[in-house]
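The values are calculated or read from the model by the stated rules, or taken from the named source; none is laboratory data. Computed from a predicted model, the values in this text were never measured in an experiment. Cβ atoms come from the backbone with ideal geometry, glycine included; neighbour counts cover every protein chain shown.
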Amino acid sequence: MTVAVASRRHAIADDLRSQITAGRIKPGERLLSEARLAAHYAVSTPTLRNALALLQAEGLVEKIHGKGNYARQPLSRKTYFGGGHTPASTPLPVSIRTKRLQARGHLATLLRVAAGSPLTEFLCLSHEGRSPHSLARIYVPRDLATAATPSASCWPQEVASLLAEPVPQLAKVEESIHARLPTSSEAATLRISPTLAILAITRVATDTNGREIEAALLTLPADRAEATFTTKHTTAERRPEG
């Protein structure tokens, strides 16, 4: 029975995929309601939703809360370059919102500040066309945050644009990455399936005085992003023998 359900799910996904890639269902076109699609394919609504989840994970279908499922062209795959390297492709347009808050829990630990210390949050949402692409939440000690409206993206080398003058000299960027499922809020913001894996990157920047000047939490959906980290090795001088 489980095999049969799985087979129907993939068969439905295959049929819708072929219609989208052949142009019979055009990008931006709304699919039939889930109830009507389930009736058309003679399956239960949960089986139909599982089929749509496969297409959502591939970037072929976008579910917009309260509106339905829409066909779309797959979003382009962008590479996140760790360690402050310049991205190879042109950054996407980014909308940035700022908010004042106090350091609590994980943020206080990342920035090595006392609980309750004032921070500025920069909420960065990148877009490709009319679709959200990736999400970043950047936290900066409030005395270092710029008062101007920022226009940068969330790449490491552009952290300086979020800081007030004189900008501290950056000495080190530490990054950790793991794969996980999105939270309900992340899935809604990025319009992705809650079953689509994301790359979650935590980035902390430190200045030459040893102060943490930025902590960033990046959310990159796995269907449109990958991360590359490069380590440069230096050859130590060989000591003469004897």
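Looking across the range 198-212, the residues that are closer than 13 Å to SER134 by Cα and touching a residue at least 24 places away in the same chain (Cβ under 8 Å) come down to ILE198, LEU199, ILE201.
Among residues of the range 170-184 that are within 16 Å of ALA215 (Cα to Cα), those with a Cβ under 8 angstrom from a residue that is at pLDDT 90 or above and assigned to a loop (DSSP other than H, G, I, E, B), sequence gap 6+ or separate chain, pair up as LEU170/THR208; ALA171/THR208; ALA171/GLY210.
Rundown of residues vs (1) in contact with a helix residue (DSSP H, G or I) (Cβ under 6 Å, 6 or more places away or on another chain); (2) surrounded by 14 or more Cβ atoms within 10 Å (Cβ to Cβ); (3) at pLDDT 85 or above; (4) more than 20 Å from CYS124 (Cα to Cα), yes/no style:
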site	(1), (2), (3), (4)
PRO182	no, yes, yes, no
SER185	no, no, yes, no
ILE198	no, yes, yes, no
VAL204	yes, yes, yes, no
GLY210	no, no, yes, yes
THR230	no, no, no, yes
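The lone criterion from (1) among the β-branched types (Val, Ile, Thr); (2) buried (at least 18 other Cβ atoms within 10 Å of the Cβ); (3) assigned to a loop (DSSP other than H, G, I, E, B) left unmet by THR219 is number (3). Scan the range 106-139 for residues that are more than 30 Å from LEU75 (Cα to Cα) and either of a type in the set (A, V, I, L, M) or over 22 Å from the mean Cα position of the chain (by Cα) (or both) and the total you get is 13.
Return the residues of the range 185-197 that are outside any helix (DSSP H, G or I), in contact (Cβ under 8 Å) with a residue 24 or more places away in the chain and over 12 Å from the mean Cα position of the chain (by Cα); say none if nothing qualifies.
At the first step, the residues of the range 185-197 found to be outside any helix (DSSP H, G or I) are 191-197.
Then keep just the ones that are in contact (Cβ under 8 Å) with a residue 24 or more places away in the chain; that gives 191-193, 195-197.
SER193, THR195 - these are the residues of the range 185-197 that are outside any helix (DSSP H, G or I), in contact (Cβ under 8 Å) with a residue 24 or more places away in the chain and over 12 Å from the mean Cα position of the chain (by Cα).
Confirm whether ARG49 is among the basic types (Lys, Arg) and either touching a residue at least 60 places away in the same chain (Cβ under 8 Å) or touching a helix residue (DSSP H, G or I) at 6+ places or on another chain (Cβ under 8 Å) (or both). First the steps, then the outcome.
Values: among the basic types (Lys, Arg): yes; either touching a residue at least 60 places away in the same chain (Cβ under 8 Å) or touching a helix residue (DSSP H, G or I) at 6+ places or on another chain (Cβ under 8 Å) (or both): yes.
Judged against the criteria, ARG49 is a match.
If LEU111 satisfies every condition in (1) under 23 Å from THR189 (Cα atoms); (2) crowded, with 19+ Cβ neighbours inside 10 Å; (3) in contact with a Pro (Cβ under 7 Å, 6 or more places away or on another chain) but one, which is the exception? For LEU111, the failing item is (1).
Screening the candidates GLY82, GLY59 for the property of being surrounded by 14 or more Cβ atoms within 10 Å (Cβ to Cβ), under 18 Å from the mean Cα position of the chain (by Cα), of a type in the set (Gly, Ala, Ser) and not assigned by TED's automatic domain parsing to the domain that holds ARG191 yields one hit, GLY59.
Would you tally the residues in the range 114-146 being within 18 Å of LEU170 (Cβ to Cβ) and either β-branched (Val, Ile, Thr) or without any contact (Cβ under 8 Å) to a residue 60 or more places away in the chain (or both)? Count: 7. In the range 79-97, of all residues being polar (S, T, N, Q) and modelled with pLDDT of 55 or more, the one that is nearest to HIS127 (Cα to Cα) corresponds to SER95. Candidates in the range 198-216 are the residues that are of a type in the set (D, E, K, R) and part of a strand (DSSP E or B); of these, the one that is farthest from GLN56 (Cα to Cα) is ASP207.
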